[in-house]
Structures are given as structure tokens and as C-alpha cells.
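The values are calculated or read from the model by the stated rules, or taken from the named source; none is laboratory data. Owing to the predicted nature of the structure, the values given are computational and were not obtained by experimental measurement. All Cβ positions, even for glycine, are placed from backbone atoms using ideal geometry, and neighbour counts span all protein chains on display.
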Amino acid sequence: MEKTATSTTPTEKSDVGNGTADAVYATPNATTPGQPVVFDEAICTGCDICVYVCLEDVFIPNPVKGKPPLILFPEECWYCGPCVEDCPHEGAIRINHPLQQRVRWKRKSSGEHFRV
Amino acid sequence: MTMFHDKGRIHNWPYTVRYGNEQRVETDVLVLGGGIAGVWAAIAAARCGARVVIMEKAATVRSGAGGAGVDHWQWAADNPASGVSPEDLTEALIENQGGYRNGISTYIQCASAYETLVEMERMGGKVRDTDGEFRGAEFRDDASKLLFAYDYTNRFVIRVWGADYKPLLRKACKRLGVRILDRTAATGLLTSGGQHGGRVVGATGVNCRTGAFVVVKAAAVILATSRPQRIWTFSSELRGLSTFRPPSDAGNGYAMAWRIGAKLTMMEKSMRSAFGSAYSFPAYGSGNAINTWYPCNIIDANGKAVPWVDCNGRLLESVSERCRPAEGQKFFIMGGGSSSLPHPGLKQYLGPKPIPDLEQRMLRGEFSPPFYADLTSMPDSERRVIWGLMVGNEGKTRIPVMKTYMQSGFDPDKDMLQTYDFLRGSGMREPVVPQERTFGESGVCGGLLVDWDLMSNVPGLFGAGDLVFGGQDHSHAAATGRYAGARAALFARRQAAGELCAEQIAREKQRVYAPLAKQGARSLDWKELNAGIARVMQNYCSEPKNDELLRLAQDWLMDIEENEAPLAAADNPHKLMRTLDVLDILTCAKIITEACLARHASSTHLHFNRIDFPSLDPPEWHKWITLRKGSRGTEIDDMPIAFWGGLERNYRPRHRENLEAMGKK
Ligand SMILES: Cc1cc2nc3c(=O)[nH]c(=O)nc-3n(C[C@H](O)[C@H](O)[C@H](O)COP(=O)(O)OP(=O)(O)OC[C@H]3O[C@@H](n4cnc5c(N)ncnc54)[C@H](O)[C@@H]3O)c2cc1C
Ligand code: SF4
Ligand code: SF4
């Protein structure tokens, strides 16, 4: 069950350059880090095993059956990984470290730098 | 899109809400917290023939600090290859903390960690290098096929494949008929006739998805809810809730025990935090020379190796020497960090580490930052055991570090991982400010005072794991959980169930649901409440301390309790759980402040600096301070340092009785 937060529903196609756009909603700022995991909608079956195992109850099941869970409490994620480890479909979900948590490494032979 | 704030649409709460709805359960042994200690306690109690219920805030399959894994099975002095006896290791661990470490739980760990691990193996856990992956490695004992860490001569820390242990333990609980109430946060303990300090007869809980109320009647209750966090540091914007242990570990057990009159001890100890900081990196996910990464080579930006030294300051030539005791040293306890943090560990137990004056030498131009952990130059078996067994099984590393980094292209055979801990030349990340403190995210910290049955002063209330002012280790939680489970089952067998008090339950129900009613003109979110408490502690209960500061902390916390805490509002069952957590964090902060006021001397080992009592560790203050909530205010008392008496003498008969009782099923 979904309901809209405002009385208007998006109907018009976006055309920002011409002064018109999708309906604009009154949303608060998102919490950060805002997306502890990323789902691949093409692989995820919406089985909700990750919702079951999560240590912090970060997700809720998607109201649309078969769709990936919704991330409801992103800032409570502990970045522990069981949601990924126990997912039966490889690639359906992966950890998305916050930008300020990305580490770097150096290839010894070439001196090239890489990062997460 | 999979976010809640998808184009302004909000969703209905997905679970049926049943605020106030009451579920009644009856059992012999009730375990609060289904983390590592909790599941081991449940298994042991069930083996003794008791009916067992676990109440767990998250989902038992992975919950707790060790749910995602473990790689070091600490202090297993009872393993067949150990060069140190349980007695000697226990005494060393206690001495290394200046006496301030629970000798009872530490001895249980040192004397039965391996025995407990063998049970883990029977439940399907991988414990030995049976396929010979590390054949020929210095850290492998060929007779037992066990792999060791740190001190390869004395061999009492075992490297294990622990990432799958928790689901296996849950399966064992199910097999033994343990009833598991997941997503149920314990909120309060119930006493016989509702009497303060009276025998424990059960506990209440609230479902974090439906909001339903649960009342469990039990003959014995085991607290296994770990330690409080977020007392000094709170940020929800940098890295989750920025806790080292899972955010669900919020110290509820301390607050619940306090409310019914149980004694707590060592609550005055807190430390500068290297781990719980919002500014730290994924745990064990940056280059390092400690813990999981011990004894990794560290090199500077030009490839120059950082030398290692032993406790005598002697330069060590080889990687192998980093895993051997120094001349004149019988054995060593861990090692690695070249931290300049105040660390009172004794020299005779200090392990090898990178040179402690690296920072000065870097500033003189001898080394050039940034530094890297260089696995590529490590001996083959050491590289494979670090980036493989260890990073693959340490809690929170298999997926967030190993899998995620390798998907981004990291190759341990070719790449060097940057270290941020060494950016300032120190092997351990230092807090940005001293106020960045922790009570129990890591290290030995205060907790529930227990006796040789792991029972508190309140009859029927047992404790295990991180909350019994001893170890902070997985094997400590497992061994004490198992021991407490058996003791509680035996207690339950001998005592008839007590009587619940309807009035006590009604009062608790009112307390639990109060935040739902606060939707008035002014309300407060749990996060702001947590941040406010943390600020008080940073300012007035940090470094240094004196009477004036601590009294200000008390006044402020009292103010918050009277004025802001009642405004805390929740609009769904999940936020209700988080709000109740913060109210317990407030209780813990108050207990900590009282404990700090009660100790009239400074102490290195307690990281306790009272400028109005500067004398350091004077003999007359070498004792435990205990606190309990009495019927007329806080009662403060003390206990002699080694109050537990003879280790072996007290342990052996109980241990034998436990084994006999567990053999029944
Ligand atoms: C990243 C990381 C790596 C680690 N690696 C190692 C290692 O390699 N070796 C080692 O020895 N130790 C390690 N540790 C420490 C080890 O995991 C802990 O010491 C151990 O898990 C403590 O067990 P416990 O049962 O006391 O607490 P936990 O395992 O944390 O369990 C507490 C449980 O109580 C639940 N709970 C909390 N409040 C409530 C409530 N009100 N009602 C119901 N349930 C509640 C929690 O959800 C949790 O499941 C590591 C810790 C971390 C964080
Ligand atoms: S991510 Fe995996 S576990 Fe989660 S719903 Fe999708 S398929 Fe299931
Ligand atoms: S990483 Fe851990 S806390 Fe975060 S969503 Fe996954 S299971 Fe939950």
C-alpha cells in the first residue's frame, strides 16, 4: 500500500529547461550515508531473506511483490554483510561503502593507484 | 528505486501493528540477547534438559558482534599445543589490566575455550586445516592441524574459519527445541512479587516490528545483551551509527539489571576510542599491523620497510621473529599497534610491533607518508592466511572488505593497501579529540558483578559474554555463555518458578509505550536525545575529571531525564525500540557518572584521571567499586581486587557438574 505525500501526482513529462518539470514534492533531506547497499533489480527476486537476516532492520519488504526491499533506515546500517552473504542470488545486492569510507591501494609493480 | 524517499512517496508500515497486545510465554531458562553468549547459553541449558527461550532484538541467525564472523579464538590455553597453562594465562591477562579484569570469566575462558571450540566443530564449524591448505606453515600444529596466531611458540590463540559459526549455532538451538523470539527487544526484568532486589522471575519485551508486548515467566534469566555504546560519541551522518559493535548492543542489560537492584562494577572506566569513531574506516579494511593483519609488513611511500621491535626494543630481522617471544619473555599477549595512546599493558607481556618512534622519524624525513600494508612481500603462507582465512572470517570483513575490495580489483599478490592508522606515524588510529571516548566498544570494561555461578547478587539473574566485566572476545562469550547456561539450568531445576507481579508488568508497559503518545507541539527524536547525552559526557565526564565537572554531568543528565527524555517520541515500532535504547543509554551514562564520583584516586589501568585526586593507583584504592540502585538511592560498596579466590579450586567442581548435566541430552 502506498500513499502520496502531497495532493498532486506526477503526470507531466519532465522538461526542466523549459520551466516545467515533474511534480515537485516536499521531501526532507535524506540521511547520510543514504545507500548502504545497492540492489540489482534484474537479479533480485524480492525473497526478503536480507530483510530477515539484517542486524539492524534496515530494510522493509517492498509492497510490490518480487521487487527488492526498501531501504528504510539507511543510517543504521552496521556494514556487516550478512544481507549480501545470505542472499541466494549472487549479485542481487552489494555493499556500498559511504564515500568517506573508500580506501585506496597501490599496485607494487606499476605504482598505479586504485580505490573501492 | 529502493529508497523510502522515492519521489515523495511514503509507504505504510509493512507489519501489522499490535501495540499493547500481550503475549505470555513460560519457560525454565530465559536468555536475553541471542548473540554469541546467548546462543551458547541456550544450547547448554537445553542440553541440561531445561526448556529454553531466547529473546533477541535482531534475528538470531546473524545477530551480535560475532554474527558475521570470528577469526581469532582467543586465550585457548586448554588446547593440546598450548605452551601456557590456563592459570598462568589468566593471571597474566589480569595482571596486564592491573588487576581490573574479571578473574572468574577469564579463567572460564582460558580453561575451556578449546573445549568449547571442539563443540563448535561438532556442530559443523571448521576449526582445523584438514585439507592441508597451510601445510608447512610455521603457525600450523601438524598433530592437531590447528592454526595459531601471534605467539607461534606458545600457541594459545587459534585461527578459525568462523564466518559460518552463528547460523550453525542457531541451527543447534532449533535442533534442541530452544524457542526463539526474534525481533523482540527485552525491556525489563521482573522480580518475585515485584520486589526491588527480589528473585528474578522473568522479563518483558517489545516486538520491534509489530510493537506487541511479550511477558516471559522463567525460573532463571541470563543476561547476554552485551555492552552500552554511543555514550560519548554519536553520529548518524558519517558511518552508520558509528559504533564498533552492532548498534543493537545499546547497554539494555546494564539498565535492566540496574532497575531491579543488581550490582555493577568498574563503571568508572572509559577509554579514548580508536575503534568506535565516526572517522574510522571499515573495520580491518585498511592496511594495518594489528589483529587480523598481524604481523603484516608496513612500508612507506617509497617502499622503505618500517622496522619492527620486540618488548626489549631489539630490532627484528624477519617476519618469523615477530611471532616469537623476546629474550627473557615466557610468552606475549597480542602485539602490533605502535600506538602512542596511553596503554598500561605490562612490558613482560608486550608483543612485537612496528617502531614506536615512527612518527618522529617520519617528521625528520626518514620515512615518507602515506604508508601501506604490503602483503606482496610477506611469506606466502602469511599472505594467504591474512588475506584469506583472516579477512575472510573476521566479523564484518568477508563481504564488506574481502568481497567488495576484490570486486573493485584489489589483488593481495600485487597490491598494497593504504593505511590510515599510520598516516600520523602511529600504528593505531588516535581519536581526533580525547573526548572521543568509549565505554565498552573494545577492551575490558565494567559490567554485571557475578560470582562463580556467573550469577549476580539478584537470585536467578545470570550474566555472560561481553557484559561481565571480563573479556571482549568471541571465545569468552562462547565459554561463559555455555557455563552460565548450565548453571542457570541447574538453578532452575532446584527452584520452583516464582510469581509474576501484575502491577510491575503494568508499570513497565506504561514506560515502554510512553514515547508513542508524544506527538505534541514539542517532541524530540531519539537521535537528538542520544547526541545530547553524548555531549554532556564529552564535556563533563571525559579527560580530566573532577568533582565539579562530574556533578555538572549529573545535573545535566538529571535535567535531560526530567525535561527532554519525556519528550522522546516514536511513530513506529522500530523507532520505539531505538528510543527505548537511548533511554537506557541515559541510564548507563548516569551510572557511569556516579561511579566516577565514587573513586577518589586516579588510575592508569582504569584510564581514570581525577585532577582533584591525582595520586595514581594508591594501594587503598586498589579495589573494585560496586554500585547498585537501592530503595533509597544509589548504594556504593567495594570488593577486594581478587575477590574470586582460587581459580582452579572454584572452577573445577562446577565445571564437572556442568558437563555431567549437559551430558543428559
Ligand atoms: C568487527 C568485530 C570483529 C570481532 N572479531 C573478533 C575475533 O576475531 N575474535 C574474538 O575473540 N572476538 C572478536 N570480536 C568480539 C566478539 O564478537 C564479541 O566479544 C562477542 O560477540 C560478544 O558476545 P556477546 O554475546 O556478549 O555479545 P553479542 O554477540 O554482541 O550479542 C549481544 C546480543 O544481544 C542482542 N541484544 C541487545 N540488546 C537486546 C535487548 N534489549 N533484547 C534482546 N536482545 C538484545 C543483540 O542484538 C545481540 O544479538 C569482534 C567484534 C567485532 C565487532
Ligand atoms: S537482495 Fe537477495 S536476499 Fe534480498 S530480496 Fe533480493 S534476492 Fe532476496
Ligand atoms: S550490512 Fe548488516 S546492517 Fe547493513 S543492511 Fe546488511 S545486514 Fe543490515
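Mind checking whether some residue in the stretch B:607-615 is part of a helix (DSSP H, G or I) and outside the structural domain of B:Arg101 (by TED's automatic domain parsing)? Lay out the reasoning, then the answer.
We begin by selecting, within the stretch B:607-615, every residue part of a helix (DSSP H, G or I); these are none.
There is no residue in the stretch B:607-615 that is part of a helix (DSSP H, G or I) and outside the structural domain of B:Arg101 (by TED's automatic domain parsing).
In the stretch B:154-190, how many are small (Gly, Ala, Ser) and not in a helix (DSSP H, G or I)? I'd like the intermediate steps shown before the answer.
Of the residues in the stretch B:154-190, the ones small (Gly, Ala, Ser) are B:162-163, B:172, B:177, B:185-186, B:188.
From what is left, the residues that are not in a helix (DSSP H, G or I) are B:177, B:185-186, B:188.
Going through the stretch B:154-190 one residue at a time, the tally reaches 4.
For the stretch A:55-80, which residues satisfy the criterion of being among the hydrophobic types (A, V, I, L, M, F, W, C), in contact (Cβ under 8 Å) with a residue 12 or more places away in the chain and within 12 Å of A:Pro36 (Cα to Cα)?
Matches in the stretch A:55-80: A:Val58, A:Phe59, A:Ile71, A:Leu72, A:Phe73, A:Cys77, A:Trp78, A:Cys80.
I'd like the full set of residues that are more than 16 Å from ligand 1 (Cβ to nearest atom), under 23 Å from B:Val401 (Cα atoms) and either surrounded by fewer than 21 Cβ atoms within 10 Å (Cβ to Cβ) or more than 8 Å from every other protein chain (Cβ to nearest Cβ) (or both), limited to the stretch A:52-81.
The one that is more than 16 Å from ligand 1 (Cβ to nearest atom), under 23 Å from B:Val401 (Cα atoms) and either surrounded by fewer than 21 Cβ atoms within 10 Å (Cβ to Cβ) or more than 8 Å from every other protein chain (Cβ to nearest Cβ) (or both): A:Phe59.
Might you let me know whether the stretch A:99-110 holds any residue that is at pLDDT 95 or above and either within 16 Å of ligand 2 (Cβ to nearest atom) or among the polar types (S, T, N, Q) (or both)?
Within the stretch A:99-110, one or more residues are at pLDDT 95 or above and either within 16 Å of ligand 2 (Cβ to nearest atom) or among the polar types (S, T, N, Q) (or both).
Within the stretch A:82-116, track down each residue that is part of a loop (DSSP other than H, G, I, E, B), facing chain B (nearest Cβ under 7 Å) and within 28 Å of B:Phe234 (Cβ to Cβ).
A:His97, A:Pro98, A:Val103, A:Val116
Filter the stretch B:458-491 for residues that are in a helix (DSSP H, G or I) and more than 20 Å from B:Met662 (Cβ to Cβ) and give the result. Give the derivation first.
Pass one, the stretch B:458-491, residues in a helix (DSSP H, G or I): B:465-467, B:474-491.
Passing the criteria: B:Asp466, B:Leu467, B:His474.
With respect to B:Phe213, is the statement that it is within 16 Å of ligand 3 (Cβ to nearest atom) and either modelled with pLDDT of 95 or more or surrounded by fewer than 24 Cβ atoms within 10 Å (Cβ to Cβ) (or both) true? Before you say what the answer is, go through the steps one by one.
Working: within 16 Å of ligand 3 (Cβ to nearest atom): no; either modelled with pLDDT of 95 or more or surrounded by fewer than 24 Cβ atoms within 10 Å (Cβ to Cβ) (or both): yes.
Judged against the criteria, B:Phe213 is not a match.
If you take the residues of the stretch A:34-51 that are within 6 Å of ligand 2 (Cβ to nearest atom) and crowded, with 22+ Cβ neighbours inside 10 Å, which of them is nearest to the other protein chains (Cβ to nearest Cβ)? Lay out the reasoning, then the answer.
Going residue by residue through the stretch A:34-51, those that are within 6 Å of ligand 2 (Cβ to nearest atom) are A:39, A:44-50.
So of that shortlist, the ones also crowded, with 22+ Cβ neighbours inside 10 Å come out as A:39, A:50.
Working: A:Phe39: 5, A:Cys50: 11 Å.
Out of the qualifying residues, it is A:Phe39.
Listed here are the residues, each with its yes/no results for (1) outside the structural domain of B:Val200 (by TED's automatic domain parsing); (2) of a type in the set (Lys, Arg); (3) under 20 Å from B:Phe244 (Cβ atoms); (4) not in a helix (DSSP H, G or I).
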| residue | (1), (2), (3), (4) |
| --- | --- |
| B:Asp28 | no, no, no, yes |
| B:Val31 | no, no, no, yes |
| B:Trp40 | no, no, no, no |
| B:Ala58 | no, no, yes, yes |
| B:Gly64 | no, no, yes, yes |
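Have a look at B:Phe462, B:Phe469 and point out the one that is surrounded by 24 or more Cβ atoms within 10 Å (Cβ to Cβ) and touching a Cys at 6+ places or on another chain (Cβ under 9 Å).
Details: B:Phe462 fails: touching a Cys at 6+ places or on another chain (Cβ under 9 Å).
Of the residues listed, the single one that is surrounded by 24 or more Cβ atoms within 10 Å (Cβ to Cβ) and touching a Cys at 6+ places or on another chain (Cβ under 9 Å) is B:Phe469.
Any residue in the stretch B:112-138 that's polar (S, T, N, Q): show its pairings with residues that are not in a helix (DSSP H, G or I) at Cβ separation under 7 Å, as long as the two are six or more apart or on different chains.
From the stretch B:112-138, the pairs are B:Ser112/B:Asp78; B:Thr130/B:Lys145.
Take the stretch A:72-96 and flag every residue that is within 8 Å of ligand 3 (Cβ to nearest atom) and either in contact with an Asp or Glu (Cβ under 7 Å, 6 or more places away or on another chain) or over 19 Å from B:Thr397 (Cα atoms) (or both).
Correct list: A:Glu76, A:Cys77, A:Trp78.
Scanning for something in contact with a Lys or Arg (Cβ under 9 Å, 6 or more places away or on another chain), of a type outside the set (A, V, I, L, M) and over 27 Å from B:Gly103 (Cα atoms), does the stretch B:588-611 turn up at least one residue?
No - not one qualifying residue is present in the stretch B:588-611.
Please work out if B:Tyr254 is buried (at least 24 other Cβ atoms within 10 Å of the Cβ) and more than 16 Å from ligand 3 (Cβ to nearest atom).
Values: buried (at least 24 other Cβ atoms within 10 Å of the Cβ): yes; more than 16 Å from ligand 3 (Cβ to nearest atom): yes.
Considered against the rule, which asks whether it is buried (at least 24 other Cβ atoms within 10 Å of the Cβ) and more than 16 Å from ligand 3 (Cβ to nearest atom), B:Tyr254 comes out as yes.
For the stretch B:617-665, give me each residue that is under 20 Å from B:Met455 (Cα atoms) and assigned to a loop (DSSP other than H, G, I, E, B).
Filtering the stretch B:617-665 for residues under 20 Å from B:Met455 (Cα atoms) gives B:624-630, B:635-662.
Those that are under 20 Å from B:Met455 (Cα atoms) and assigned to a loop (DSSP other than H, G, I, E, B): B:Ile641, B:Ala642, B:Phe643, B:Trp644, B:Gly645, B:Gly646.
Inspect all residues belonging to the stretch B:522-530 and state whether any of them is acidic (Asp, Glu) and either in the same structural domain as B:Thr233 (by TED's automatic domain parsing) or assigned to a helix (DSSP H, G or I) (or both). Show your work before the answer.
At the first step, the residues of the stretch B:522-530 found to be acidic (Asp, Glu) are B:525, B:528.
When the remaining residues are screened for being either in the same structural domain as B:Thr233 (by TED's automatic domain parsing) or assigned to a helix (DSSP H, G or I) (or both), the result is B:528.
Looking for residues that are acidic (Asp, Glu) and either in the same structural domain as B:Thr233 (by TED's automatic domain parsing) or assigned to a helix (DSSP H, G or I) (or both), one finds at least one in the stretch B:522-530, hence yes.
Filter the stretch B:208-263 down to residues that are over 16 Å from the mean Cα position of the chain (by Cα) and either away from ligand 1 (no atom under 13 Å from the Cβ) or within 14 Å of chain A (Cβ to nearest Cβ) (or both), then give me how many there are.
Count: 26.
Does B:Phe281 satisfy the condition of being within 14 Å of chain A (Cβ to nearest Cβ) and touching an Asp or Glu at 6+ places or on another chain (Cβ under 6 Å)? Walk me through it before giving the result.
Values: within 14 Å of chain A (Cβ to nearest Cβ): yes; touching an Asp or Glu at 6+ places or on another chain (Cβ under 6 Å): no.
Taking the combined requirement at face value, the residue does not satisfy it.
Checking the structure you have, find out if any residue of the stretch B:145-162 is within 16 Å of ligand 3 (Cβ to nearest atom) and closer than 30 Å to B:Met577 by Cα. Break it down stepwise before answering.
Going through the stretch B:145-162, the residues within 16 Å of ligand 3 (Cβ to nearest atom) turn out to be none.
No, the stretch B:145-162 contains no residue that is within 16 Å of ligand 3 (Cβ to nearest atom) and closer than 30 Å to B:Met577 by Cα.
Please work out which residue is nearest to the chain's Cα centre (by Cα), limiting yourself to the stretch B:9-31 and to residues that are among the hydroxyl-bearing types (Ser, Thr, Tyr) and within 14 Å of chain A (Cβ to nearest Cβ). Explain how you work it out, then say what you get.
Step one: filter the stretch B:9-31 for residues among the hydroxyl-bearing types (Ser, Thr, Tyr), giving B:15-16, B:19, B:27.
Those still in the list that are within 14 Å of chain A (Cβ to nearest Cβ) too: B:15-16.
Details: B:Tyr15: 31, B:Thr16: 34 Å.
Taking the candidates together, the pick is B:Tyr15.
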